[in-house]
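Laboratory data are not the source of any read-out in this text; all were calculated from the coordinates shown. Since the model is a prediction, treat every value here as computed from it, not as a measurement. We place every Cβ from the backbone using ideal geometry, glycine too, and count neighbours over all the protein chains shown.
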Amino acid sequence: MESLPKTPRDPSLAPSLELADQLGVDPTVGLTSDEAARRLAADGPNELRGKAPVPVWRKLLAQFEDPLIYLLLAAVAISLAAWIVEGAHGVPIDAVVIFAIVLLNAILGFAQEARAEDAVAALSTMTAATSTVLRDGRLATIPSSELVRGDILVLGEGDAVGADGRLLSASGLRIAEASLTGESEAVTKHPQQLTAPAPLGDRINMVFKGTAVTQGVGRAVITGTGMNTEVGSIADMLDATVEEPTPLQNEVARIGRILGLIVIAIAITVMGTIIIVNGVSSISDLVIVLLLGVSLAVAAVPEGLPAILSVVLSIGVRRMAKRNAVVKQLSSVEALGSASVICTDKTGTLTRNEMTIERVVTSSGSVDVTGVGYRPQGAVLHNGAPLSDPALRLETELLLGAGSLANNAQLAERNGQWEIQGDPTEAAFLVAAAKLDDTATRIDRFERTAEIPFTSDRKMMSAVCREKTDGAPVLFSKGAPDVLLDRCTRIQVGTEVVELTDDLKRRALDDVEALSAEAFRTLGVAYRALSDDDQPLDEVDESIENGLVYAGVVGIIDPPRDEAGRAIAEAHRAGIRVIMITGDHPSTAARIAADLGIIAPGQRAVTGTELDALDDNQLREKVREFSVYARVAPEHKLRLVDALQDDGQIVAMTGDGVNDAPALKSADIGVAMGITGTEVTKEAARMILADDNFATIVAAVRQGRVIFDNIRKFLRYLLSSNMGEVLTVFLGVLLAGAIGLSEASNEAIVLPLLATQILWINLLTDSGPALAMGVDPEIDDVMARKPRKLSDRAIDGRMWGGILSVGFVMAVVTLLTIDLFLPGGFVPGEDSLEVARTAGFTTLVLAQLFNALNARSEVTSAFHGLFTNGWLWGAIALSLVLQIAVVNLPFLQVAFGTAPLGLHHWLICTALASCVLWFDELRKIVLRSPLFGTPK
């Protein structure tokens, strides 16, 4: 088979016709269908390489890759071994129940991630993109995935560019490349050969896959498809970027390791102590010791923690979904709550991506145009009041009307939303003109007869229009103010047209400089009346653009989103730094950043060129000082994120363009835009904003912080309760003789609680109450605190102290209850071992229910907001009913070794169990004292 033609390394440097010849195509005919099919078979479809789908079984197995799960599976194995050694009678309840909890956790995590994947898929476009090409000498519309090298791509206004290509021809062609370069303004394209290599944003004779035509027409020969495009090179960079685990994933893994060591140490210590103190003389005694080890493992490990963690995060995910945020990974919700820095793009993220005229300057002064975006609602103000000066109003109407007639954009309302077709800058004139009713009426009086299109060389465009009533022709022009002024001989002053003197021209140029200093993009507007003798008015050329009357200049800007400023202020209040990283012009970036409160007015932006000159250490110093970075490339964004992470920051990165994807993947959490975001960006991100609203990110931060608080609550509750179980068994064995346990039984080793009772306590108190604490409402203002540092632990030293002390009190009151009802011990009683053990069992359950109220805060009293969480009270009530059932129902008495309790037993158990509440209240009073500083 004949080999395919090769593409030059840099097509922008090659003559267009010579390049087409190298690619084996006649620009006037295009490829034949057979040749296109051959090239498609050889090069593959024009698609980015996607990740291989993960099999369902691997997704399910991934749910078991957790240190806590390993501990639980080890407990299952030990329990089964003990059951087999004991004779394999009946059902191994311990093993079955623990494994059921493990399986439930896996199913929950699997189902939630599948639901998130479905939501992400729903954001993707439902129809395949198409492109127009010249094949077999005829125009044809084909799926963009079937484009091949050498195809002649035909471009028109509104088209998406389907592949990389070298322009062959162009007329007024302008392309929006924000998704690739971050530049908010459309780029004017022409087919002239470049004389030297240029950065991506300056290759004006090239078109790139993933960009969009805003104006004009053109033809290009395709030079790269699929992964051999600029988008594809970014996708390759994305594949090489390592995705870091979230802070929560790191913390849960650490807790799992700690608990594993604790379980091993406790089991070995207790079993060794029993063997030394009591001795082991038979297989039966060995089985009892082994069962005790299993009981301690079950008691020490919060079996429900992974499942509860998944459920709590799932609830957070659903809450975020209601706020238009799709979370792809459960742990990402908490990670965003830990963010200390949010790195954000500008165009479309902080700004509306809707060019807006905000200032109009004419001979008689300037006016401000209120209202943002394409909705034609707002006012035209002079010195803060409605425009009333007749001269200034006439000049403003004339300028906006002329700019709207020298215009190819269209503005329309569809389903309550205002949309444009064409160049956003031209649309800005239509919107501003609609805010002056008289101007809109004036525009309707004209119809266009000819156009002189915009080119990058001329830097202006003109339209010839006739007035419908008398047929008088008028030339309307707009363009770069300095270029336009050179073509003007007169200037509009109120109702008068006067000579444009040097002084008046200098004043006009000063107005332009003043607008530029405020980061406005400037466009001048001019006009002149024509006569039928000038030229054939349907075939005019640029020679007619002379002797113009200068009308004035407008200041245009892509305005910030209304809610972005409030969201940034809220982020700053929460101690979160916001950094803008954009490909836009430095002055524009600094202006928008100052308007939004990211930086103070007058502070500057750092450019990508400056970043290239810095090594990693210098860059780390730079990111501590500056918060706006402009004219940056994808590799700059990645370096900035890495520098911030090296400085100990937890970084959230937002973006919508392809150029954002590597940084999104490298950041602690990447947030993609669902509407304007590219598929590459959505694939790299961990969270997708369906409404592209920066304020949603701050809402996610709040939700993440509430979730982390709630995680600490149920960790405090689970671990202190489980510590109470461990210490009860450990101290009960050591003190069996002192509290009367040894005298109450003929067995060599008597346990204060049975293994099944410990398992029941875990199932009863470690599930419902812990889950209810996971959805506890926000009690304190979580946005008033600083972000937690990477070195901060979910369980810090003070929290461990509370866990151990509360667990010790639980063990003491449980063993005291057993002692009260047994005949021997410190306080002689009159009940049997079964009754005393049941009373101790019940006291420990009740103590953990009281502990659920304690654990809602580290330092705040349990009586503060006592009834704000109805779910918690419901869980406590259900646990109490089930405990009454296990004590009184015969079949449950058999299963769990319990005996009926009288009223006096219940009263004593409740009174002793409440000691946990009163002890913790005293501890919190101490912690709130000035001696311990500001509570966390």
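Would you kindly derive the ³J(HN,Hα) couplings of the stretch 621-627 from the backbone phi angles with the Karplus curve 6.51 cos²θ - 1.76 cosθ + 1.60 (θ = phi - 60°), listing them in order in whole Hz, with x for Gly and Pro?
For the stretch 621-627, the Karplus-derived couplings read 5, 5, 5, 6, 9, 10, 10 Hz, x marking Gly and Pro.
Once label points are set 7 Å from the Cα along Cα→Cβ at both E570 and S832, what is their separation, rounded to one decimal in nm?
It is 6.2 nm.
Restricting the count to DSSP beta bridges whose residues both fall in the chain, what percent are antiparallel, rounded to a multiple of 5?
Details: 80 of 102 bridges.
Beta bridges within the chain, antiparallel portion: roughly 80 percent.
Residues with amide H under 5 Å of C488's amide H, sequence separation 5 or more or different chain, H placed in the peptide plane at 1.01 Å from N; which?
Long-range HN contacts for C488: L548.
What does the helix-only formula give at 222 nm for the chain: each DSSP H stretch with n ≥ 4 adding -39500 (n - 2.57), the total divided by the residues, and the result rounded to the nearest 500 deg cm²/dmol? Intermediate values should be presented prior to the final figure.
Working: 32 runs with 440 residues, N = 936.
Taken over the chain, the calculation gives -15000 deg cm²/dmol.
Pairing the Cα long axis of helix 797-821 with the longest principal axis of the chain, what angle in degrees results, from 0 to 90 and rounded to the nearest 10?
Tilt relative to the chain: about 30 degrees.
Taking a ≥ b ≥ c as the square roots of the Cα gyration tensor eigenvalues, with a/c under 1.5 meaning rounded and otherwise prolate when a/b beats b/c, else oblate, which class fits the stretch 819-918?
Numbers: a/c = 3.17, a/b = 1.60, b/c = 1.99.
Oblate shape, in that a/c is at least 1.5 and b/c is the bigger or equal ratio.
So between A613 and R414, what do we pick up on full extension, going 0.36 nm a residue minus the alpha carbon distance? Before the final figure, lay out the partial values.
Values: separation 199, 0.36 × 199 = 71.64 nm, distance 4.88 nm.
Answer, rounded to one decimal: 66.8 nm.
With 10 angstrom as the radius, rank D457, D647, D668 by how many other C-beta atoms surround their C-beta, starting from the fewest. Walk me through the numbers before you get to the answer.
On the way: D457 9, D647 15, D668 25.
Ranking D457, D647, D668 by Cβ neighbours within 10 Å, fewest first, gives D457, D647, D668.
Looking at this model, which pairs from K435/K478; K346/K682; K209/K622; K189/K328 are more than 27 angstrom apart at the alpha-carbon? Don't skip to the answer; put the middle values down first.
Details: K435/K478 20 Å; K346/K682 17 Å; K209/K622 34 Å; K189/K328 39 Å.
Distance filter (> 27 Å) returns K209/K622; K189/K328.
Taking other Cβ within 10 Å of each residue's Cβ, how do I599, I264, I925, I739 sort, fewest first?
On the way: I599 21, I264 15, I925 11, I739 25.
Ranked by crowding around the Cβ, least crowded first: I925, I264, I599, I739.
So if we plug the beta-carbon distance of A81 and F891 into 1/(1 + (r/R0)^6) with R0 = 35 Å, what FRET efficiency do we get, rounded to 0.05?
On the way: r = 28 Å, r/R0 = 0.79.
Once the sixth-power term is evaluated, E becomes 0.80.
Skipping prolines and chain starts, which residues have an amide H placed within reach, meaning under 5 Å, of the one on T130, given they are 5 or more residues away or on another chain?
S144
Search the structure for amide H atoms under 5 Å from the amide H of V606, placed 1.01 Å from N in the peptide plane, and list their residues when 5 or more places away or on another chain.
V628, Y629, A630
With θ set to phi - 60°, apply the Karplus curve 6.51 cos²θ - 1.76 cosθ + 1.60 along the stretch 159-170 and write out the HN-Hα couplings as whole Hz, x wherever there is a Gly or Pro.
6, 8, 6, x, 7, 6, x, 9, 5, 9, 8, 7
Which of rounded, prolate or oblate describes the stretch 356-557 when judged by the alpha-carbon gyration tensor and an a/c cut-off of 1.5?
Working: a/c = 1.45, a/b = 1.12, b/c = 1.29.
Since a/c stays below 1.5, the shape of the stretch 356-557 is classed as rounded.
Given R₀ = 35 Å, what would the calculated FRET efficiency be for Q193 paired with M227, taking r from the Cβ atoms and rounding to 0.05?
On the way: r = 26 Å, r/R0 = 0.75.
FRET efficiency, Q193 to M227: 0.85.
Quickly work out the D691-to-R375 label distance, labels modelled 7 Å from Cα along the C-beta direction, and quote it in nm with one decimal.
Here the modelled spin labels are 1.3 nm apart.
Per-residue HN-Hα couplings for the stretch 633-647, Karplus 6.51 cos²θ - 1.76 cosθ + 1.60 at θ = phi - 60°, whole Hz, x for Gly and Pro?
Using θ = phi - 60°, the values come out as 9, x, 5, 5, 4, 5, 5, 5, 5, 5, 5, 5, 5, 5, 8 Hz.
Which one of I697, A526, G575 has its Cα pushed farthest toward the positive end of the charge dipole of the chain, where Lys and Arg give +1 and Asp and Glu give -1 at the Cβ?
G575
Working from Cα positions, state the angle (0 to 90°, nearest 10) between the long axis of helix 915-927 and the longest principal axis of the chain.
50
Let's see if you can work this out: charge +1 on each Lys and Arg Cβ, -1 on each Asp and Glu Cβ, no other charges. What is the dipole magnitude of the stretch 356-557 about its Cα centre, in debye to the nearest 20?
Values: 20 positive and 35 negative charges, 109 e Å.
Magnitude of the dipole: close to 520 debye.
Can you compute the charge dipole magnitude of the chain about its Cα centre, using +1 on each Lys and Arg Cβ and -1 on each Asp and Glu Cβ, nothing else charged? Give it in debye, rounded to the nearest 20. Could you put the intermediate results ahead of the total?
Working: 79 positive and 113 negative charges, 512 e Å.
Charge dipole, the chain, about its Cα centre: 2460 debye, nearest 20.
Take H904, H636 and order them by how many other Cβ atoms sit within 10 Å, fewest up front.
On the way: H904 8, H636 23.
By the 10 Å Cβ count, ascending: H904, H636.
By how many degrees, 0 to 90 and rounded to 10, does the Cα axis of helix 833-854 deviate from the longest principal axis of the chain?
Tilt relative to the chain: about 30 degrees.
I'd like the antiparallel share, as a percent to the nearest 5, of DSSP beta bridges with both residues in the stretch 356-557.
Working: 48 of 51 bridges.
Just about 95 percent of them are antiparallel.
How long is the gain from A594 to E921 if the chain were fully straight, where each residue apart is worth 0.36 nm and the alpha carbon distance is subtracted?
Contour length minus Cα-Cα distance gives 112.9 nm.
Can you pull the one-decimal nm distance between simple spin-label points at W873 and V56, each 7 Å off the Cα toward Cβ?
About 4.4 nm separates the two model spin labels.
Sequence gap at least 6, Cα distance under 8 Å: using those rules, report the relative contact order of the chain to the nearest whole percent. Walk me through the numbers on the way to the answer.
Numbers: 1853 pairs, mean separation 109.8, N = 936.
Relative CO of the chain lands at 12 percent.
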